[in-house]
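Each remark here refers to the structure printed beneath this line.
The values are calculated or read from the model by the stated rules, or taken from the named source; none is laboratory data. Note that the structure is a prediction, hence the values are computed from the model and not measured. Every residue, glycine among them, receives a Cβ derived from its backbone with ideal geometry; neighbour counts consider all protein chains shown. The area values use the complete protein model at the heavy-atom level, side chains included, leaving out ligands, DNA and RNA. Shrake-Rupley method; radii C 1.70, N 1.55, O 1.52, S 1.80 Å.
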Amino acid sequence: MSHLLYFLFLISVSFISSCTNTKIYSSYGEKEVLPLNKFQWNQHTKNPSCFSQKSRKENGATILEMKHRDYCSGQIRDWSKRFQKRLISDDIQVRSLQSRIRNMISGQIQDLSQTQIPLHSGIKLQILNYVVTVELGGRNMTVIVDTGSDLTWIQCQPCKLCYNQQEPIFNPSLSTSYQAIPCNSSSCQSLEFATGNFGACGNDPPTCNYQVSYGDGSYTRGELAHDRLILGTTPVDSFIFGCGRNNRGLFGGASGLMGLGRSDLSLISQTSDMFGGRFSYCLPPTETEVSGSLILGGDSTVYKNSTPVTYTRMVPNLQLSTFYFLNLTGTSIGGVALQAPGFGKGGILIDSGTVITRLPPSIYRAMKAEFLKQFTGFPTAPGFSILDTCFNLSGYEEVNIPTIRMHFEGNAELAVDVTGIFYFVKTDASQVCLALASLSYEDEMGIIGNYQQKNIRVIYDTKEEQLGFAKETCGPL
């Protein structure tokens, strides 16, 4: 009789949780309900636009609307193909990033004519996912947001080679505040630290030329300049950026890229007097057309978080000082704390450009084993690309999946949103994979990707050298 009552109790808990989409607790650990019918990728009937996005100011903060690039790049007829290409591209860029990191640590100098290794962030730009709109020189520009890059750049006329973008290409001659930067300036000398390349001297006049190359053959080249930037309604005079005259790559129709790294040329450093070196974002999911937000400055009153913010220190790395590093001290699956040799090494990178989180083999093996121990009874499916733990869930309307939490020094915690645990290789759910991947070697750099940062308020405080996490359902401004 007691066994029957317990069985009925589990059924009732499962039913209640499926109606409320809350966590459930059982003898099998902490789980969350994933309604598979929620993942309905819209086949656009018209070309969507991410341009002229909303912005506002609140309590000293400038808040910009952030969109996922999938809803800015025209009609998508085959979402499964899009998701599969994203995984393949993500694998290429992470391998390139690991090579770049090894070369930076060893002090090797890259030969630009020979290498296909990215010269700075390692980000393969066709998979960078999030964009915001700013005003530069009196023109609206929609740019890709990247915490792994430092130099902000846009395409400029006259253009020797430019990719297609949705907005008119910026014409410096129409801006009264535009000015090229000379090659003997301190800003030109900062390029080596920000991009991995020395600034070169142009001819007549001797302006500072920049170059940033990426692992897939994409690049931007042009002159370093400054102009008036407006973030929402907040003006930034003499903002230094790259005016790209020769650009190649798949940039999703965006006008350029906004660098949120840590060098002197990054947006965060250039606006530190205004925003105190503090910014945050909430990355919206890909499966719905909701917006997220990029917040510059302000305090915690402007966030819409549903859990308290927990902070961890940024780990200094003198050889890779433009990146954001954290100390991952543990993980848990379904409330079960895991042990692995790779924890506590003080070297995991958090990045808005990488998609799937990469973990040292010892940590990944422990997480995979515990996940499979708790997520049982479902048909398996073949792995795809970097993902090797896959299921066929096409026969289910919803499933209860174990929660995933990442723990950091100082008791900070990143509770992965339910939409960031499984990656849909096929939109009919016949190939759904655990959205974590293993690095090849234990000494490679771990990366927290944007897929595990969805519906999280991620707070970067460069002056206090700390980074915070809190749950937040991304939504309109």
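Just to verify a number: FRET efficiency for Asn203 and Glu464, C-beta to C-beta distance, R0 = 35 Å, to 0.05?
Numbers: r = 45 Å, r/R0 = 1.27.
My answer for the efficiency is 0.20.
What pairs in Lys304/Lys368; Lys304/Lys345; Lys57/Lys471 have C-alpha atoms more than 24 Å from each other? Write out the running numbers ahead of the final one.
Values: Lys304/Lys368 32 Å; Lys304/Lys345 32 Å; Lys57/Lys471 22 Å.
As for pairs spanning more than 24 Å Cα to Cα, those are Lys304/Lys368; Lys304/Lys345.
Let me have the relative contact order for region 287-376, percent, based on Cα pairs under 8 Å that are six or more residues apart.
It comes to 22 percent, rounded to a whole number.
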**OP:** At a Cα cut-off below 13 Å, give the aspartates and glutamates reachable from Lys454, other chains included and same-chain residues fewer than 8 away excluded.
**Re:** Glu287, Asp351, Asp417, Glu472
Subject >> Label point distance in nm, Leu161-Tyr396, each placed 7 Å from Cα along Cα→Cβ >> reply: 4.8
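With +1 on the Cβ of every Lys and Arg and -1 on the Cβ of every Asp and Glu, and nothing else charged, how large is the dipole of region 232-319 about its Cα centre, in debye rounded to the nearest 20? Don't skip to the end; give the middle numbers.
Working: 6 positive and 6 negative charges, 48 e Å.
That gives region 232-319 a dipole magnitude of about 220 debye.
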**OP:** Note down the accessible area of Arg221, probe 1.4 Å, to the nearest 10 Å².
**Re:** 80
**OP:** Using Cα pairs closer than 8 Å and at least 6 residues apart in sequence, work out the relative contact order for region 413-462, in percent.
**Re:** 42
Original post:
Could you give me the ³J(HN,Hα) list for region 394-406, computed from phi with Karplus coefficients 6.51, -1.76, 1.60 and θ = phi - 60°, whole Hz, x at Gly and Pro?
Top reply: 5, x, 10, 7, 7, 9, 9, 10, x, 6, 10, 10, 10
Original post:
Modelled label-to-label distance, Val336 and Arg365, 7 Å Cα→beta-carbon offset: nm?
Top reply: 1.7
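With an 8 Å Cα cut-off and a minimum separation of 6 or more residues, compute the relative contact order for region 162-253 in percent. Present the calculation step by step, with values, prior to reporting the outcome.
On the way: 164 pairs, mean separation 25.7, N = 92.
So the answer I get is 28 percent.
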Original post:
Rounded to the nearest 0.05, what FRET efficiency is calculated for Asp388 and Asn140 with R0 set to 51 Å and r the Cβ-Cβ distance?
Top reply: 0.75
Subject >> Extended-chain gain in nm, criterion 0.36 nm per residue less alpha-carbon gap, Asn246 and Phe193 >> reply: 16.9 nm
